[in-house]
Each structure stands twice: as structure tokens, then as C-alpha cells.
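**Q** One structure, pasted below without further comment.
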Amino acid sequence: LPTEFKQAKPIIDTIEAAGYEAYFVGGSVRDTILGKPIHDVDIATSAFPAEVKALFKRTVDTGIEHGTVMILDHGQGYETTTFRTELGYQDFRRPDEVTFVRSLKEDLKRRDFTINALAMRANGEVIDLFDGLADMSAHVIRAVGVAEDRFHEDALRMMRAVRFASQLGFTIEPATEQAIADNAQLLTKIAVERTRVEWEKLLMGQQPVRGLQALVKTALYRYMPEMADQLPMLKKLMALPAWQLDQIESTWTLLAWLMQLPDTAAIRQLLKAWKTSNDLIDHVTAAWTVVGALQAGGTLAPMTLFKAGAPALKTANTVANLLGFGQPQAELDAAYAALPIQDKHALALKGGDLLKQQVVQPGPMMGQVLAQLLVAVVTGKVANEAGKLLEFARMVADTKSN
Ligand code: ATP
Ligand code: MG
């Protein structure tokens, strides 16, 4: 058993000693059986939330309305969820009602795939009510119950299926895959943020091509934001020599590049549609510009290095390496480190100095002069010293006002 389970065993023991059932469930059981590292330990129990809370000193109501209580123990938090069934799903995304039940089977039945519907006792014994172990050995992702119904209940499960295909390198069982093909358009009912999480996990999986193949075969991609016409991009992605990305930024930069978007405004629009953060948008647009420069070949210009910044340079080079025109990362790092300044705040002369010395009046001229100073310093034309910069600024201001 993984250490995480050993550490959590006292929690299960405590719940059981009080006369209830408790099991490890979900991804941690799946990943343990696969011998993969686990991240979050989920516990399912027959005890109702109030009963769980009565057993432990420190708990947090992280999702009490769905029956989830976090038990704090030795600096660790364990999400403990009461067995439940779900009813309704009129909106294709969440149940109208959850009901707490005392039966493990009922709880496992509502889970998405057989490999995610296994439970494990604290002693490591596996409870396999839906043939999840057989599917695990056969490397198959199969819906629990009737796939069509399950995707009607919650359309996000279709994205989860293709995501697991990528993460685990598994195949989607034919009837499950057919149900995705038949119901793909229901994905539009799902909040973009939730689809994005699965899409990013797919792209950063062990075998992304597996997930992409399923996405194309079922046409599910057509219902993802801005993706309806992106079959050519997906094909290019699938044709790249074996790749594995572990960074969201490089993933989106690669996509934007393969989409052959015309400019950074188009990237912004793409990422806005996917509701990513503004930080990610800034990073990806910067990296995308550098990918273009790397493709053009030769040494990167100082201003290209400067504008990108170290993180986006790294992202860009990772992507360029995948595409076959990267440069040794150490050389890029050295070129960046060799820039006279790495940050515009490091300029030895500030806007305030320009005003004080009456080089410029407040107004648009100020920004223009500062921009030229920056270029002059970064490109090594003028040393980053206040005196030299003042002289240069006077000259720039003169030419501009004439
Ligand atoms: P990960 O390794 O990414 O955490 P996971 O399988 O643990 O994968 P979670 O979102 O953490 O995914 O969910 C935990 C468990 O809850 C799943 O293994 C599955 O049993 C169940 N589950 C999660 N989302 C759904 C869903 N949309 N429909 C049905 N069951 C779900
Ligand atoms: Mg999980």
C-alpha cells in the first residue's frame, strides 16, 4: 500500500470502530493498482456527514451539501464523502438531488468509469463490483452501466473518458466510445472551465495521441471552444514525434502555433474563449512570438529575448524543440543572462528624471523617449548609466521635437 494510504488508515479505522463502513475510492485506488503515484486520497463512508464530524476533532465542511467533509489529521486533509446516489440531471451536468445512502454499491454505481468505481479497504483488499479490475488489466475505459445514460447525466464524463485515455494510455471501450460520438454535442452544456481542466490534462498526459485519436474519432473536439474547424491542427499534433508536455503554458503555445493563428490578438481571443487566466494569455502570446523567431533561425535578437522574459523563452524553446527547430536551452539562457538589463525597471534613468532635467514635458513624448532608451540599453548601444542615458535622451527628444 502507498504511504498515503497507510497514513490515512487510522481515519478509516476510527470510522469502522464506530460501526460504519469506510473505503478508499476513486483515482487513488485506480492509481495504486496501476502502480502510479497518487495525489489525493478520497474516502467514501456509510456514515452521514454529521456522524463523521462527531468522530473527529478537526473537520472542515468542504462540500457538506454533497456529503463531503475534510478530516484534518497530522497536517493532512482527507476528503471523506458519504455514500450517495444522484438523481435528476436535467441540465446534463449535475444532479438535481443527491441522497445519502448506506450502501457502497449504490455509491460506486454513480461513478463514471469501471476503473474509477473500485473501492479498497484499509487492509488493501479491493472491492470490485463493476469489473473494474478486468478493465484495468485490459486497459479499457468503460462507463459504469449504460454509457448513453451516463453521458446524459453528466456530459463532462465524455471529456474525462478521452482524458483518461491519454493519461493512462487506455482504449475507450467501443460502446462507451459510440455513446460519446452520439452525444458529443452535449459537451456545450458544460462550463468551459471544467472542459478546459480535462483538455489540459489530456494534452499533458502520458500518451496524448491516444486521447486525441478518441477526440477525433468521436468528433467530441467539435464541441470544444474554438475547435470546430481544428481537425488539421489536431492531425498535426498527432503526427508530431512522441511528445509529452508537463506545462500548461507550452501546451497552449503549441496549440496556438499549430493553429497558425495570424497574430497575438487571435491567441488572446482563443484563450479568452477557453477562459484561461490573463497571466497565461500573456505568457503564451510572448512565447508564441519567440517560437516564430526561433523558426526564422539564427540567434535571437536582444529585444526578442528581453520582451519574452526567461519563463516564456523556456516555453517557446520547449515547443520549438518539439517542432524540430529549437536551440540548446543553455545557450538561450546564457544569451538572456548576458542582456545588459532583464527588466525595464533596471533602467538607470526614470521618467521622473526626464521631467526633472526638463528633457521632456509630461505627455506621450515621455513614453516614446523611455522606449527608445530601453532599446538602446538592451541592444548595448548605450551603457545603462544615468549620465549617458540623459545625454541620449536629450538627443532623442531633440530629433523628435524637430
Ligand atoms: P484524478 O487523478 O485526476 O484526480 P480522479 O478519477 O480521482 O482523477 P476526481 O475528479 O478526483 O478524478 O474524482 C474522484 C472520483 O469521483 C472518480 O474517480 C470517480 O469515481 C468520481 N467522479 C469524478 N467525477 C465524476 C463524474 N463527472 N461523474 C461520475 N463520477 C465522477
Ligand atoms: Mg482525484
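Readers should treat all values here as calculations from the given coordinates under stated rules, not as data from a laboratory. Everything quoted here is computed from the prediction, not taken from an experiment. All Cβ positions, even for glycine, are placed from backbone atoms using ideal geometry, and neighbour counts span all protein chains on display.
**Q** Could you tell me which of rounded, prolate or oblate describes region 345-401, using a ≥ b ≥ c as the square roots of the eigenvalues of the alpha-carbon gyration tensor, with rounded for a/c under 1.5 and, failing that, prolate when a/b is larger than b/c and oblate otherwise?
**A** In terms of gyration-tensor shape, prolate.
**Q** Among 218-227, 47-56, what's the highest-first ranking by average C-beta atoms within 10 angstrom per residue? Spell out each step's value before the answer.
**A** Working: 218-227: 19.3, 47-56: 17.8.
Put in order of decreasing packing, that is 218-227, 47-56.
**Q** Angle between the Cα long axis of helix 278-296 and the longest principal axis of the chain, 0 to 90 degrees, nearest 10?
**A** Relative to the chain, helix 278-296 is tipped by roughly 60 degrees.
**Q** Determine the relative contact order of region 1-138: mean sequence separation of Cα pairs under 8 Å and six or more apart, normalised by residue count, in whole percent.
**A** Numbers: 241 pairs, mean separation 30.1, N = 138.
Result for region 1-138 is 22 percent.
**Q** Take every Cα pair under 8 Å in the chain that's 6+ residues apart, average their separations, divide by the length, and report that relative contact order as a whole percent.
**A** 8 percent
**Q** Here's something else I'd like to know. Would you mind pulling out the separation of the Cα centroids of region 379-402 and region 46-87, in Å?
**A** Cα centroid to Cα centroid, the span is 65 Å.
**Q** For every other residue with a beta carbon closer than 12 angstrom to the beta carbon of M136, add +1 if it is Lys or Arg and -1 if Asp or Glu, then tell me the sum.
**A** -1
**Q** Sticking with this structure for a sec: Give the peptides 276-287, 98-109 in descending order of average Cβ contacts within 10 Å, highest first. The partial results should precede the final answer.
**A** On the way: 276-287: 18.8, 98-109: 16.7.
Result, highest mean Cβ count within 10 Å first: 276-287, 98-109.
**Q** Report the local net charge at Q206: Lys and Arg +1, Asp and Glu -1, summed over other residues whose C-beta lies under 13 Å from its C-beta.
**A** With Lys, Arg at +1 and Asp, Glu at -1, the net is +2.
**Q** Calculate the dipole size of region 1-138 relative to its Cα centre from +1 charges on Lys and Arg beta carbons and -1 charges on Asp and Glu beta carbons; express the result in debye to the nearest 20.
**A** 220 debye
**Q** Name the lysines eligible as straight-distance cross-link partners of K36: C-alpha to C-alpha under 30 Å, and not fewer than 8 places from it in the same chain.
**A** Excluding near neighbours in sequence, the set is K6, K9, K105, K109, K201, K217, K235, K236, K314.
**Q** In whole Hz, with x marking every Gly and Pro, tabulate ³J(HN,Hα) for region 112-118 from phi via Karplus 6.51 cos²θ - 1.76 cosθ + 1.60, θ = phi - 60°.
**A** Result, rounded to whole Hz: 6, 10, 4, 5, 9, 10, 9.
**Q** Report the local net charge at A308: Lys and Arg +1, Asp and Glu -1, summed over other residues whose C-beta lies under 15 Å from its C-beta.
**A** Overall, the nearby charge balance is -3.
**Q** Right, next: Determine the principal axes of the Cα atoms in region 174-262, then give the extent along each, sorted from largest to smallest and rounded to whole angstroms.
**A** 31, 26, 22
**Q** Considering amide H positions built from the backbone, and no H for Pro or chain starts, which residues 5 or more places from I141, or on another chain, come under 5 Å of its amide H?
**A** T171, I172, E173
**Q** Another question about this same structure. With a ≥ b ≥ c the root eigenvalues of the C-alpha gyration tensor of region 44-142, is it rounded (a/c under 1.5), prolate (a/b larger than b/c) or oblate?
**A** oblate
**Q** Could you give the radius of gyration (one decimal) and Dmax (whole number) of the Cα atoms in the chain, in Å?
**A** 27.5, 89
**Q** I'd like the orientation of helix 174-183 relative to the chain: the angle between its Cα long axis and the longest Cα principal axis, in ° from 0 to 90, rounded to 10.
**A** Here the helix axis deviates by roughly 60 degrees.
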